[in-house]
Amino acid sequence: MNGNRIGRLFQVTTFGESHGAAMGCTVSGCPAGLELSEEDIQADLDRRKPGQSMITTSRGEPDAVSIESGIQDGYTTGTPIGMVIRNKDARSGKYEPFITAPRPSHGDFTYSAKFGTRNWGGGGRSSARETVNWVAAGAIAKKLIAREGIELKAHVNQIGDIEAPEVSFEEMLEHSEENDVRCGHPETAERMQELIETYQNEGDSIGGSIYFEARGVPVGLGAPRFDSLSARLGRAMMAIPASTAFEFGLGREAREYAGTERNDDWEFDSDGDPTPVENDHGGIQGGISSGEPIYGQVTLHAPTSIPVEQQTVDWETGEVVDDAQVIGRHDPVLPPRGVPVVEAMLALTLVDFMLLAGRINPDRVDGRPGEYDTDYHPSNPRSE
């Protein structure tokens, strides 16, 4: 089974199943000299972990990360960073009815059809629990690009038919972590919460979307066609379980705009450099970053694990099952816990392009290749 790695220079390879012993990943390509601790990574994992509110699954996973390699005296060494997150509260018994009867709209049938087998406990490898690895790796990517002046944030901008008004980057930073929905508009967050609880009480679920934005991205990241920034970003976002759409800039609304409306005029900034007057292009033109904020959104469908009776078939007995119920601990909505996942995929994509463009030294975060730096590492025998 391939498809478990993302990135060209900043490479993340993941492992683990939902109800297996542990989740984990290896990060290769992180330069030496980056100050990094488990606490740095844990902060984002806590935003993604289950059981953090009444509108998330009650599965009691602490999602405590352990860094097993690639760190010495609190700094990266340039070697692969290995991280492990142990599964503590897996209960596979409730999934036994679905060993030969695929849950509606899950990966049960397709995994079994392709591989002839699957880890059926909690969905195994197809479970969204696997994104815990992405968030762990994304926390490292965030630290690297933050050194280069790049700041990013995401928030829930729609649940069902309730859509938040446009909020500023600063409002996202200030308000999105203040409510369980992770919406940067507090008043809308309250309405979203009520809607989610309605579906939850009915044993149903609901979909939504997550808006993301990155500021401080330099001009020139990306390449034409298949290595374009938008193509690679779309690939990363569409890998998120339950994602059904990725948009940047005007996104799907662009189909309603005339060329005269969408095209951004150009002018000179205070330094005499060309700059677009507006940013309907979402920070990407011709597949390459323009220097303007990169923004867009990801749509996530309603969680497919719901206790309402549904129809499936048992391929072992040949019977139609009309009263299949997915009884377990599942989220009634995905975007609130999906916010740190979207941020992670944005950070992983940007850090890879920053390395490819030479904006980040691939060997050392301080100094030039081959230059001996006496300051960046506390265990350096020549440092004071």
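Here are a few things to note about the model shown:
- Within segment 15-36, the set of residues being touching a Cys at 6+ places or on another chain (Cβ under 9 Å) and buried (at least 22 other Cβ atoms within 10 Å of the Cβ) comprises Gly16 only.
- Enumeration of residues in segment 48-66 that are surrounded by fewer than 18 Cβ atoms within 10 Å (Cβ to Cβ) and modelled with pLDDT of 95 or more: Ser66
- Residue within segment 215-233 that is of a type in the set (Ser, Thr, Tyr) and within 16 Å of Gly287 (Cα to Cα) present: yes
- Residue match in segment 132-146 (condition: open to solvent by less than 50 Å² (accessible area, probe 1.4 Å), out of contact with any Cys (no Cβ under 8 Å at 6 or more places or on another chain) and more than 30 Å from Gly20 (Cβ to Cβ)): yes
- Look at (1) touching a Pro at 6+ places or on another chain (Cβ under 8 Å); (2) in a strand (DSSP E or B); (3) closer than 26 Å to Glu61 by Cβ and you find that Val298 fails only one, number (1).
- Any chance Asp314 is in contact (Cβ under 8 Å) with a residue 60 or more places away in the chain, open to solvent by 20 Å² or more (accessible area, probe 1.4 Å) and of a type in the set (Asp, Glu): yes
The values are calculated or read from the model by the stated rules, or taken from the named source; none is laboratory data. Remember, it's a predicted structure, so these values are computed and weren't measured experimentally. No Cβ is skipped: glycine too gets one built from the backbone with ideal geometry, and neighbour counts run over all protein chains shown. Side chains included, ligands, DNA and RNA excluded: accessible areas come from the protein's heavy atoms. Shrake-Rupley method; radii C 1.70, N 1.55, O 1.52, S 1.80 Å.
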